[in-house]
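Encoded as structure tokens, the structure appears first; notes follow it.
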Amino acid sequence: MKYVTTDLTHLLHKVDLSSYKERVAEIDKAIKEKTGKGNDFLGWVDQPVDYDKQELAKMKEAAEYVRSNYDVLLVCGIGGSYLGARAAIEAVNGLHHSKKPEIIFAGQTLNPDYVAELLDYLKDKKFAINVISKSGTTTETAVAFRLFRELLEKNIGAEMARKSIFATTDAKNGALRKLSGIEGYTTFNLPADIGGRYSVQTAVGLFPMACAGIDPEEVMRGSLAAREDTSNPNLDENEAYKYAVARHSLYADYGTACEMLITYSPSLVQFGEWWKQLFGESEGKDGQGIYPTSATFTTDLHSLGQFIQQGTNSFFETTVHQNAYVRDVEIPYDQNDLDGLNYLSGKTLSYINDKAFQGTLKAHTEAGKRDNIVLECRKIDAFGIGYLFYFFERACAMSAYLSGINPFDQPGVEIYKKNMFHLLGKPGY
Ligand code: PA5
């Protein structure tokens, strides 16, 4: 059984998969032979096979050092240089645990209150830094790194600080590469042919995961399995391509330009953030694209549920439905039954969550008239998260190519940066 299967039986609009078969096979060939738009950035396609095994061994060794010597790992990065690691760590480790080191994120904001609070929090902590930036010049990351590096040097001295800093960046270029060379930091390379939002299967994601106690090889095994499953050019047998075609058809054939990714787990909120960047930055250009948004059920059924059920019908839902969990919890029997819950005693939370899913799906499709794509997914552990990352990467490339869009550039992101540099008086702007 595949780790993820795409169920299109809850679509209200008819998606004619057969009319896309030929196109999908052509695009699949272009992905494999690297002949499509943005083909310089297709390194992620074979990354689960080709990844640098020596680099991974180096990461594991460094992660062991971090795990044995520090209370906190501060990861400085933004966008593709941050979201995947955070998504994986929260999905696999959960939100409430006492595992060491604590993983904290910075460099994803310029908010002074957030940074000042973190500077205070880390004042008395034994912390290491993993600074991640492909370009090495991203303002948010560079500013945070300067501030926290200074704190680290103040806390433990320049020499020890050098040993506590790990930099993930381009193998040759950029300010961070240069700085790391001069300071002698341990560095990890970001392959030149893998863009930020496709980089979670490199040191960008794997080193923070390893520091958080997640086996990076297991994550890569999951991505490898997904690569095998999603490399089939036959649309009828490729679940990622089925998903890509369904969402593309809802957009291109029926004009639904917003997709809501639904999960049933608070630990997957950050996974939703990663997914939003992947699809939003890949497809939202040339005046095209499906706006990606996300929600967590059943939590958000008590806030957004009303809108989803009866508000403007401008979106479709894609639900990641887990049909297995790492752990489960049983509802106890209570002699007095004052809360009236004994009808559930002996039942598990997975059972109840599943009934909530079924009831919601029925309500949203039958009464709400929302198209629903359901991705049936097995348990989300290290293997599962690796699988999901690759599954969506492959689906995203297919989906963008179906619209004739280059999935691997982000020309619009540069405009705000240039304006900000100009306003800040950066030389040359
Ligand atoms: O996907 C992308 O390319 C972006 O989100 C980048 O990852 C983000 O802007 C950070 O860039 P860098 O890694 O160069 O600091």
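The numbers here are math on the coordinates, done by the rules we state, and not lab data. Because the structure is a prediction, the values reported are computed rather than measured. Methodologically, a virtual Cβ is constructed for each residue, glycine included, from the backbone with ideal geometry; neighbour enumeration extends over all protein chains shown.
Within the range 223-245, take every residue that is more than 18 Å from LYS21 (Cβ to Cβ) and not charged (D, E, K, R) and give me the one that is nearest to the ligand (Cβ to nearest atom).
For the range 223-245, the residue satisfying everything is SER223.
Going by the structure shown, is PHE391 at negative phi, touching a strand residue (DSSP E or B) at 6+ places or on another chain (Cβ under 7 Å) and touching a residue at least 12 places away in the same chain (Cβ under 8 Å)?
In short, yes.
For residues that are β-branched (Val, Ile, Thr) and under 25 Å from MET398 (Cα atoms), scanning just the range 183-222, find the one that is farthest from the ligand (Cβ to nearest atom).
So the residue we want is VAL219.
Considering only the range 137-178, how many residues are in contact (Cβ under 8 Å) with a residue 40 or more places away in the chain, within 16 Å of the ligand (Cβ to nearest atom) and within 23 Å of VAL115 (Cβ to Cβ)?
Number satisfying all stated conditions: 11.
I'd like to verify a number: residues in the range 212-234 that are part of a helix (DSSP H, G or I) and surrounded by fewer than 21 Cβ atoms within 10 Å (Cβ to Cβ), how many?
7
Taking the condition under 22 Å from the mean Cα position of the chain (by Cα) and farther than 26 Å from GLU218 by Cα, does GLN47 pass?
It is false that GLN47 is under 22 Å from the mean Cα position of the chain (by Cα) and farther than 26 Å from GLU218 by Cα.
Applying the selection to the range 1-15, what residues are more than 18 Å from GLN358 (Cβ to Cβ), of a type in the set (A, V, I, L, M) and assigned to a loop (DSSP other than H, G, I, E, B)?
MET1, VAL15
For the structure I just gave you, tell me whether GLY84 is within 16 Å of the ligand (Cβ to nearest atom) and either more than 22 Å from VAL326 (Cβ to Cβ) or without any contact (Cβ under 8 Å) to a residue 60 or more places away in the chain (or both).
no
If ALA363 satisfies every condition in (1) more than 17 Å from the chain's Cα centre (by Cα); (2) among the small types (Gly, Ala, Ser); (3) crowded, with 24+ Cβ neighbours inside 10 Å but one, which is the exception?
Single failed check for ALA363: (3).
Any chance the range 312-333 includes a residue that's over 23 Å from the mean Cα position of the chain (by Cα) and in a helix (DSSP H, G or I)?
no
Pick from ILE308, ILE262: which is in contact with a Ser or Thr (Cβ under 8 Å, 6 or more places away or on another chain), on the phi < 0 side of the Ramachandran plot and among the aliphatic types (A, V, I, L, M)?
Among ILE308, ILE262, only ILE262 is in contact with a Ser or Thr (Cβ under 8 Å, 6 or more places away or on another chain), on the phi < 0 side of the Ramachandran plot and among the aliphatic types (A, V, I, L, M).
Can you tell me which residue is farthest from the chain's Cα centre (by Cα) among those in the range 87-136 that are within 16 Å of the ligand (Cβ to nearest atom) and in a strand (DSSP E or B)?
Per the criteria, the residue is ILE129.
Could you list all residues from the range 263-282 that are part of a helix (DSSP H, G or I), surrounded by fewer than 24 Cβ atoms within 10 Å (Cβ to Cβ) and away from the ligand (no atom under 13 Å from the Cβ)?
Passing the criteria: PRO266, SER267, VAL269, GLN270, GLY272.
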